[in-house]
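Taking it in order: structure first as structure tokens, then the write-up.
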Amino acid sequence: MARLLIVHHTPSPSLHTMLGSVRDGAGADGLEDVEVVTAATLSCTAADVLAADGYVLLTPANLGTMAGALKHFFDTIYYPCLEETQGRPFGVAVHGNSDVDGALRDIAKITTGLGWTQATDHVRVLDAPDAEARDACWNLGATVAATVLEG
């Protein structure tokens, strides 16, 4: 069975809403053969990453960059996963109050170094996630899960 790992830092109601939408999309009809695993950024390990076939990353943008919790996740898993996870698909959803560009730029540097393959457009949410943002998160989860399933 294929495994999708959703790595999240969700300290706000907006991010909890986004996480729920990503999970719902990843569990959509036709994706029953994908095991969806969620892990908080501060407790996710290299073993979790190595056991997965693809990833969705969910983070707030703080002070123009990704949250420190996601940076800690990358610092923890980077070298143990560098060789074995190249080419795996991933997607990103970022929430910010005014800007998410710096966070996406920083995430791109690290995922490029890991050799991960972007499966779909990143989801950028400013302010509270409206219906369009929730749909984008649902589509993110569904698309990355389908990509993992195609393997």
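One line per residue, one yes/no per condition, for (1) crowded, with 19+ Cβ neighbours inside 10 Å; (2) at pLDDT below 95; (3) on the phi > 0 side of the Ramachandran plot:
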{"residue": "ALA108", "(1), (2), (3)": "no, no, no"}
{"residue": "GLY115", "(1), (2), (3)": "no, no, yes"}
{"residue": "ALA131", "(1), (2), (3)": "no, no, no"}
{"residue": "LEU140", "(1), (2), (3)": "yes, no, no"}
{"residue": "THR147", "(1), (2), (3)": "yes, no, no"}
Checklist (1) within 23 Å of ALA26 (Cα to Cα); (2) among the aliphatic types (A, V, I, L, M); (3) surrounded by fewer than 18 Cβ atoms within 10 Å (Cβ to Cβ) applied to LEU82, failing item = (1)
ALA51: surrounded by fewer than 22 Cβ atoms within 10 Å (Cβ to Cβ) and within 16 Å of LEU19 (Cβ to Cβ), yes or no?
-> no
Please tell me if ASP127 is at pLDDT 95 or above, more than 14 Å from VAL7 (Cβ to Cβ), touching a helix residue (DSSP H, G or I) at 6+ places or on another chain (Cβ under 9 Å) and surrounded by fewer than 23 Cβ atoms within 10 Å (Cβ to Cβ).
-> no
Please specify each residue of the stretch 25-46 satisfying the condition of being over 27 Å from SER12 (Cα atoms) and exposed (fewer than 12 other Cβ atoms within 10 Å of the Cβ).
-> ASP29, GLY30, GLU32, ASP33
Subset of the stretch 110-123 (residues that are free of Cβ contacts under 8 Å to residues at least 60 places away in the same chain and either touching a strand residue (DSSP E or B) at 6+ places or on another chain (Cβ under 6 Å) or under 21 Å from HIS72 (Cβ atoms) (or both)) | ILE110, THR111, THR112, GLY113, LEU114, GLY115, THR117, THR120, HIS122
Inspect all residues belonging to the stretch 136-149 and state whether any of them is closer than 15 Å to THR10 by Cα and touching a residue at least 24 places away in the same chain (Cβ under 8 Å).
-> yes
Which of the strands (runs of 3 or more DSSP E) contained wholly in the stretch 1-109 include at least 1 residues that are in contact (Cβ under 8 Å) with a residue 24 or more places away in the chain and farther than 20 Å from TRP138 by Cβ?
-> 34-40, 54-62
In the stretch 110-151, which residues are of a type in the set (Lys, Arg) and in a helix (DSSP H, G or I)?
-> ARG134
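The values are calculated or read from the model by the stated rules, or taken from the named source; none is laboratory data. Fair warning: this is a prediction, and the values are worked out from it, not measured in the lab. Note that we place each Cβ from the backbone using ideal geometry, even for glycine, and neighbour counts take in every protein chain shown.
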